[in-house]
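What follows is a short report on a single structure.
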Amino acid sequence: MRIEAEEFKQALPVLQAIEVEGYRAYFVGGCIRDVLLHLPIHDVDIATSAYPSEVQHIFPKHFDVGIEHGTVMVCFEGETYEITTFRTEADYEDFRRPSEVTFVRSLSEDLLRRDFTINAMAMGTDGQIVDYFQGKEDLQAKRLRAVGVPKERFHEDALRMMRAVRFASQLDFHIEEQTKSAIKSCAPLLKHIAVERIETEMNKLWIGKNWKQGIREWLDLDLYQYCPQTSALYDVFEKLLENLSGQVKMPDECLPWALLYFLNGQEERTLGQFIRAWKLSNKQYEKIKSYLKALHERAASPNGWTKEMVYRYGKEVSACLEQFIHNQEEKGQKFADVFSAISPDQVDKVWTELAIHSRKELAVNGYDIMKELQPEDKKQIGYLILRAEEAVVKGQCENDRQKLLNYLKK
């Protein structure tokens, strides 16, 4: 195989510099998988037989990011690269961290500790793929299979079970039967994993090529029972799968949580508790709330998006949601029946017609109101700003300072 990917070409001199010193070096892991699948390469991982001190000697410009695990970050020709020594790992603590790491000179020993066969391939400076576990065959078969004994891999790091269902979604792969059986029996180990790590995998699952496949596996393999506040929501997720097409991608990781609440008719007041349990960010929480409110309002609007709706939820949320509804309608999904059919271009049209797109563009502010209207109660300022904003959006008054002040005086 020729080394053609630009990311590999750029990093190739790093491997060559290591090999000049008498050690072996390889590109490893997900970057090999992605290049074989003709997908974009996000990270180039380098593994070597050189021990950390030897890597430091080869590359004087370096800093240690995880030297206890054999990783050295080196600076080479203006770029930085993570270089990790081949290693084996002893028994794992808390189903996540190895109690001891041993550096080795053998590539095969290093690859044996990796999660799935499709991530356990390596490529040398000659472009030849090293594939001890038939990873290429599994790629061709669109099959996800654990390296070695599946239960051992999941006892080493229980998060690998979430990675399995995430890859099922992201790559549209199926999980091999022995690996599935091991996940189901090891599912309770997931409760030992930090919520933040689970959430990261769940977010990637939601935006995958076939999120429906990933959620199907997540449910069937009982992983949902050990994720935050989802153990009692099996029927809700089934409803999500029944009403939506997996061929329609999610625009982001926030919409599916809003859809879950919308389809189940759950009260919005419980959403905050759910989001906190998943440790989602405030930004994600606000977007999920916007999606949920917009779903309810759009379902109750037979003529589609009004100016007030598009202004309230913003162009991004409104357009993403309408395009999703339209795509589900094209697939003949029951979900789309809740909404009146309109052109997905309506949001752009309404957005263009808006006189303002945010309160910052409003021609009056709190200072103007204080100076000109002199309200007795300062709490009225916020109310008057809201009335001015509403009047401009609805077209009841021009966005002109004096005209708005006159409007508010009335």
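Of the listed requirements (1) in contact with a Phe, Trp or Tyr (Cβ under 7 Å, 6 or more places away or on another chain); (2) loosely packed, with under 15 Cβ neighbours inside 10 Å; (3) not aromatic (Phe, Trp, Tyr), ASN282 misses just one: (1).
Out of the residues in segment 360-398 that are crowded, with 18+ Cβ neighbours inside 10 Å and not in a helix (DSSP H, G or I), which is farthest from the chain's Cα centre (by Cα)? It would help to see each step written out before you state the result.
Applying the first criterion (crowded, with 18+ Cβ neighbours inside 10 Å) to segment 360-398 yields 362-364, 368-369, 384-385, 388-389, 391-393, 397.
Next, only the ones that are not in a helix (DSSP H, G or I) stay: 362-364, 397.
On the way: LEU362: 35, ALA363: 39, VAL364: 40, CYS397: 42 Å.
The residue in question is CYS397.
Would you pick out the residues in segment 232-273 that are open to solvent by 70 Å² or more (accessible area, probe 1.4 Å) and among the polar types (S, T, N, Q)? Write out each step before concluding.
Residues of segment 232-273 open to solvent by 70 Å² or more (accessible area, probe 1.4 Å): 232, 234-235, 239, 242, 247, 249, 267-269, 273.
Answer for segment 232-273, where residues must be open to solvent by 70 Å² or more (accessible area, probe 1.4 Å) and among the polar types (S, T, N, Q): GLN247, GLN273.
Taking segment 117-138 as the range and being among the small types (Gly, Ala, Ser) and either crowded, with 17+ Cβ neighbours inside 10 Å or not assigned by the TED database to the domain that holds ALA25 (or both) as the test, the residues that pass are ALA120, ALA122, GLY135.
If you check PHE8, PHE27 for being outside any helix (DSSP H, G or I) and either touching a residue at least 60 places away in the same chain (Cβ under 8 Å) or open to solvent by 10 Å² or more (accessible area, probe 1.4 Å) (or both), only one passes: PHE27.
For segment 166-182, the set of residues classified as over 10 Å from LYS204 (Cβ atoms) and either of a type outside the set (Asp, Glu) or assigned to a helix (DSSP H, G or I) (or both) consists of ALA168, LEU171, PHE173, HIS174, ILE175, GLU177, GLN178, THR179, LYS180, SER181, ALA182, listed by residue number. Kindly evaluate ALA141 against the criterion of being open to solvent by less than 20 Å² (accessible area, probe 1.4 Å) and either at pLDDT 95 or above or farther than 17 Å from GLY29 by Cα (or both). So ALA141 fails the test. Taken together, SER290, SER318, SER301 contain a single residue that is assigned by the TED database to the domain that holds ASN264, within 20 Å of LEU263 (Cβ to Cβ), among the hydroxyl-bearing types (Ser, Thr, Tyr) and crowded, with 21+ Cβ neighbours inside 10 Å, which is SER318. Among the residues making up segment 72-85, those that are of a type outside the set (Phe, Trp, Tyr), assigned to a strand (DSSP E or B) and either in contact (Cβ under 8 Å) with a residue 60 or more places away in the chain or open to solvent by 20 Å² or more (accessible area, probe 1.4 Å) (or both) are MET73, VAL74, CYS75, GLU79, THR80, GLU82, ILE83, THR84. Restricting attention to segment 292-326, the residues being in contact (Cβ under 8 Å) with a residue 40 or more places away in the chain, among the aromatic types (Phe, Trp, Tyr) and more than 15 Å from SER343 (Cβ to Cβ) number 1. Suppose we filter segment 333-376 for residues that are outside the structural domain of LEU259 (by the TED database) and more than 23 Å from CYS397 (Cβ to Cβ); how many remain? Final tally of qualifying residues: 1.
Given ILE207, ILE183, ILE215, which one is more than 30 Å from ARG24 (Cα to Cα), of a type in the set (Val, Ile, Thr) and out of contact with any Phe, Trp or Tyr (no Cβ under 9 Å at 6 or more places or on another chain)?
On inspection, the qualifying residue turns out to be ILE207.
The values are calculated or read from the model by the stated rules, or taken from the named source; none is laboratory data. All figures in this text were calculated on a predicted structure; none of them were measured in a lab. With ideal geometry, Cβ positions are generated from the backbone for all residues, glycine too; neighbour counts draw on all protein chains shown. We work out accessible area using only protein heavy atoms, side chains counted, and drop any ligands, DNA or RNA first. Shrake-Rupley method; radii C 1.70, N 1.55, O 1.52, S 1.80 Å.
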